[in-house]
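Worksheet for the structure shown next.
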Amino acid sequence: MKKKKFNSAKNSLFFVLLSLVIVSTIFTGVAMAASTASVTATVTVQSISVTATDGTVAFGTLAANSSTGTNGSDTQTATNNGNITENLNIKGQNSANWTLAATAGSDQYVLQFCTATCTTPPTNYTALTTSYQTLATSVAASGTQTFDLYITTPNPSTVYTQQSVDVTVQAVAP
């Protein structure tokens, strides 16, 4: 019987390769293992909405340079119909023949609003402009803001037909 010769270089290479295969198998097995987790995510689109009720004020027929208001008798209510807290703004407008102004003048009228203690106009009333100004801040969803209006007719007026002196309430995200 012949003895096999031991080749140390061949055997060393064999053991190195065998070690690499074993190490590769171990680490590949670890890398192949997977674990997952879920995250439940939800979203709601914000809705910004406002209504004004009863939405109509009839000041009637007034003399030039005279004033009247709702003063609690026809208070308007702005309601946040959205699903987030909103800020409410308010503005007036020029009519077909009159200009909204800070003081009554020739074909210039004044329209004011009040949100609290409105029984003695013009105390606590703020003059409207044709630009938005704050009516209320941080009105919760389904929350409301009441307001009264007070008008002063032009002094003098050259127009004697009914004028629409509408008010716009706007809802915005804070």
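Here are the numbers:
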{"quantity": "Stokes-Einstein D for the range 50-172, Kirkwood Rh over Cα pairs, 37 °C, 0.692 mPa s (µm²/s)", "calculated": "223 µm²/s"}
{"quantity": "Nitroxide proxy distance, nm - points 7 Å out along Cα→Cβ at A33 and Q162", "calculated": "8.3 nm"}
{"quantity": "Net charge of neighbours whose Cβ lies under 13 Å from the Cβ of T75, counting Lys and Arg as +1 and Asp and Glu as -1", "calculated": "-3"}
{"quantity": "Cut-off under 5 Å, modelled amide H: who pairs with V50 long-range", "calculated": "N81"}
{"quantity": "Relative contact order (%) - criterion: Cα under 8 Å, at least six apart; region: the range 50-172", "calculated": "39 percent"}
{"quantity": "Spin-label pair T130/S142, simplified geometry with 7 Å Cα→Cβ offset, distance in nm", "calculated": "4.0 nm"}
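FYI, it's all coordinate maths here, none of it is from the lab. Note that this is a predicted model, so its numbers are computed, not measured. All Cβ positions, glycine included, derive from the backbone under ideal geometry; neighbour counts span all protein chains shown.
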